[in-house]
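What follows is one structure encoded as structure tokens, with my remarks underneath.
Derivation of every value follows stated rules applied to the coordinates shown; laboratory data play no part. Owing to the predicted nature of the structure, the values given are computational and were not obtained by experimental measurement. Note that each Cβ is placed from the backbone with ideal geometry, even for glycine, and that neighbours are counted across all protein chains shown.
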Amino acid sequence: MAADSLLNLKGVVFNKTFSRDPLKDAQAEQLQTATAILKAESGLISPDQAAQELGYDSAFDSAILGRDPDAAKKLRALARGSLQEIGIEPFTFRYDRNSHSYKFVPVVIQVNESPSSLAHGSPNGHKGSAPGAAA
């Protein structure tokens, strides 16, 4: 009998340990997902077995794919790690030496006023009185 099942019989359950390197964890999970999908696509295991390898009870319902004809293509692109192919920008992480960890760097979109709207006298580009005011 394995040691972990013996401990579970006695009521001892350990919490999941967390890694200090989330980037490596994410890469490992991506590889595990891609491997399970490849095994299922090649016929080595059933889709349900692939889902169970990834911690799910069973595979998705194929009838759901009928709602989005590109869903299977998007899933394969996601498994390959090709986020741009399906319209998702990749995440950026930077190593922070002070905290000895990777920090997520969010995408920042800066909106500037166009020079032509400022030249017309109001910040919103309308001449005259404020919007909604009686003329």
Calculated FRET efficiency for the pair S42/V12, C-beta based, R₀ 41 Å, to 0.05 = 0.55
message = Take Y56 and A72, extend 7 Å from each Cα along the Cα→Cβ direction, and tell me the distance between the two endpoints in nm.
response = 1.5
remark   = For the Q32, Y95 Cβ pair and Förster radius 25 Å, calculated FRET efficiency rounded to 0.05 is 0.60
